[in-house]
Structure formats: C-alpha cells, structure tokens
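Written out below as structure tokens is the structure these notes cover.
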Amino acid sequence: TLDAAKAIASAAEAYAVNKGWTIAVAVVDAGGGLILFHCLDDTQPASQKIALAKARTSALLKRPSKALEDMIAGGRTAFLSVEDMCALEGGVPIEAGGRIIGAVGVSGMSSSQDGEVARAGLAAFAP
C-alpha cells in the first residue's frame, strides 16, 4: 500500500540522515510498478534511476539485487544479457504472507551502504 511504502521510505530516510548519507529510495509493487519515490537533497542524479532499477530487479527476481551481483561476480556473466536488471546491492524484496509483494531500492552511497539503508527501511514494514 501507499502507507506501507511511506513507512519504508521514511525509515530509510531516517537511517540515512542519521549516517549523513544522501540517498534515493524507490518502492515498487510485485510487478515492478512504482508506488513511491523519495530522494534526499544533494543525492547524485544518477541514483534516481539506479534506485528504481534496484527495486524493480529485486521485485521481478523475487530476491535481493545483491544475488544478481553475486551471480555475475561468480562467473555467471550470461545474466548481463537480461534486459533492465541492475546487478548492484541495494534492492530488497518486500514479503507478506509468504509472497513477494514488492521491493525497495536504494541508491546514493556504496552498494553495501545502499543495502543497509534498504534493509533499515524494510524493517519498518508491518504487513
């Protein structure tokens, strides 16, 4: 829901601000459709597209975007041919009732920091 997306984005923002990080946050539904986009002041412009790509990748693959990054780093380079996927950490699926119902994507810092912020945002989700 939009309310859940707002809670996730707010928690991600609070976590990032506490760390002094500038980030963009995208929350999508299970099909990758944008529900909410949130960008902090002074976030690098490219992070807007990257956050959405991370969220969509996570929703469509039903796993963290880091899994795709790890597959490619492990030699499964064929995954580079999959259209519109982002092989960077920072996308995390949203699960409710044993199903993936969406995902959150974060970009703006290092990929590991983006993943940290995404998980902090997800912690605010209460199905």
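The trypsin sites (Lys or Arg not before Pro) found in region 57-110 that occupy coil by DSSP, while having at most 16 further C-beta atoms within 10 Å, are LYS62, ARG76.
Dipole of the chain computed with +1 at Lys/Arg Cβ and -1 at Asp/Glu Cβ about the Cα centre; of VAL92, ALA120, ALA12, farthest Cα towards the positive end is VAL92.
Leaving out ligands and nucleic acids, and using a 1.4 Å probe, what accessible area per residue does the chain come to in Å²?
Details: 6370 Å² over 127 residues.
Result: 50 Å² per residue.
For the chain, the 222 nm mean residue ellipticity estimated from helices alone, with every DSSP H stretch of n ≥ 4 adding -39500 (n - 2.57) and the total spread over all residues, rounds to -14000 deg cm²/dmol.
How high is the FRET efficiency from LYS19 to ALA126, r the C-beta distance, R0 25 Å, rounded to 0.05?
On the way: r = 23 Å, r/R0 = 0.93.
The calculated FRET efficiency here is 0.60.
Each Lys and Arg Cβ is given +1 and each Asp and Glu Cβ -1; about its Cα centre, the chain then shows a dipole of about 260 debye.
The GluC sites (Glu not before Pro) of region 15-118 that DSSP puts in a loop, and whose beta carbon has at most 16 other beta carbons within 10 Å, are GLU83.
Straight Cα distances below 13 angstrom link LYS49 to the aspartates and glutamates ASP84, with same-chain residues fewer than 8 positions distant left out.
Here Rg and Dmax of the Cα atoms in Å was computed from the coordinates, and among (i) 13.2, 40; (ii) 13.9, 46; (iii) 13.8, 44 the match is (i). For the chain, complete DSSP H runs whose alpha carbons reach 15 Å or more along their own long axis and whose mean Kyte-Doolittle score is -1.0 or higher are 2-19, 46-61, 111-122.
For the chain, the relative contact order works out to 32 percent when only alpha carbon pairs closer than 8 Å and six or more residues apart are counted. Computed over protein heavy atoms with a 1.4 Å probe, the carbon and sulfur contribution to the accessible area of the chain reaches 53%.
The values are calculated or read from the model by the stated rules, or taken from the named source; none is laboratory data. Given the structure is predicted, the values throughout are model-derived calculations rather than measurements. Quick reminder, even Gly has a Cβ in these numbers, built from the backbone with ideal geometry, and neighbours come from all protein chains shown. Ligands, DNA and RNA are excluded from the accessible area calculation, which covers all protein heavy atoms including side chains. Shrake-Rupley method; radii C 1.70, N 1.55, O 1.52, S 1.80 Å.
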